[in-house]
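The values are calculated or read from the model by the stated rules, or taken from the named source; none is laboratory data. All values reported here derive from a predicted model rather than from experimental measurement. Positions of Cβ are backbone-derived with ideal geometry, glycine not excepted, and every protein chain shown enters the neighbour counts. Surface accessibility is based on the protein's heavy atoms, side chains included, excluding ligands, DNA and RNA. Shrake-Rupley method; radii C 1.70, N 1.55, O 1.52, S 1.80 Å.
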Amino acid sequence: MNTDLSDDFLVKGKFSIKKASTAYKGKLTKEEGIQLLAQEQEKLRALQEKLYADGSQSLLVVLQAMDAAGKDSMIEHVFGGVNPQGCNVTSFKTPSSKEYAHDFLWRHYLSLPQKGMIGIFNRSHYESVLVCKVHPEYNLSEKTWNSIEDFDDQFWKNRYESIRDFEKHLSRNGTTIVKIFLHVSKDEQKKRLIARIDEEEKNWKFSSADLPERALFDRYMECYETAINETSKDDAPWYVLPADNKWFARLAAIQIIIDTLEKMDLQYPQLSEEDRKDLQAAKKQLEKE
């Protein structure tokens, strides 16, 4: 049974969102998947420590999904075991007036991981070609544009190009990028939204805006398909994970992240001969105490 899922969901060539499954159809059981996840958490912790010690590179994980697809719980279960000193999570909400006063990528630059760190974007710069494409009037808040007629095909082509350039620049300068789309079905989203209403401890997660956005589900799928096709490149690939089964999506995500870190050829710092001698001298001094 294949338990290495790191390449199974990489977008290669033309991507069709209708052909991408939202449910896991393999032979791995949930119990086996949960056990594997625990093993992979240990691997990720060790690799994150190595990334931190190496200090010359960083990893950016971009998570995108529809509401109730499981982004928050994925962050908890995938990254819950790593050292918090080496990992930052940024959740992007509606831009502030200060953020709207800059270009659409500005606030994302401010949250990029420094060398030695893992950065996680819970939603990201892709909201500018997703929610802002479904609701083009939102772009008027940037003050650069005069009317909704400004948001023609060329506008969106320019925005995709800006994203590609942004990610290519990061890749050239030591930041490896992994982009994950949690692909949840409309039926499964319905079940999870109902659970937020039925289970009192989940009530806080439900928003009055959830239902109007759900009504635009198909339009969002069109925008995701276009964004993924426009921006899945070797230096910033997209992975589309079936997210109807949360346990499986978490396992696939952690294996993708582990595989990416392993390919970064991380190294622990090598001490000079003089530093090694100093270490041995310090050891002798300690042993005499």
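Please work out if Leu130 is within 17 Å of Thr176 (Cα to Cα) and not polar (S, T, N, Q). In short, no.
Taking each residue of segment 119-130 that is within 12 Å of Lys71 (Cα to Cα) and open to solvent by less than 10 Å² (accessible area, probe 1.4 Å) and looking for partners that are in a helix (DSSP H, G or I) and among the aromatic types (Phe, Trp, Tyr) with beta-carbon atoms closer than 8 Å, six or more apart or interchain, yields Ile120/Phe79. Specify the residue that is modelled with the lowest pLDDT; the eligible residues are those in segment 211-228 that are aliphatic (A, V, I, L, M) and open to solvent by 50 Å² or more (accessible area, probe 1.4 Å). Among them, the one singled out is Leu211.
Number of residues in segment 229-248 that are open to solvent by less than 10 Å² (accessible area, probe 1.4 Å) and in a helix (DSSP H, G or I) equals 2. Count, please, the residues in segment 249-281 that happen to be farther than 30 Å from Phe9 by Cβ, outside any helix (DSSP H, G or I) and open to solvent by 90 Å² or more (accessible area, probe 1.4 Å). Summing the residues that are farther than 30 Å from Phe9 by Cβ, outside any helix (DSSP H, G or I) and open to solvent by 90 Å² or more (accessible area, probe 1.4 Å) in segment 249-281 gives 2. Note on segment 225-283: residues that are among the aromatic types (Phe, Trp, Tyr) and either out of contact with any helix residue (DSSP H, G or I) (no Cβ under 8 Å at 6 or more places or on another chain) or free of Cβ contacts under 8 Å to residues at least 12 places away in the same chain (or both) amount to 0.
For segment 37-86, a tally of residues being open to solvent by 20 Å² or more (accessible area, probe 1.4 Å) and either more than 30 Å from Tyr224 (Cα to Cα) or hydroxyl-bearing (Ser, Thr, Tyr) (or both) returns 19.
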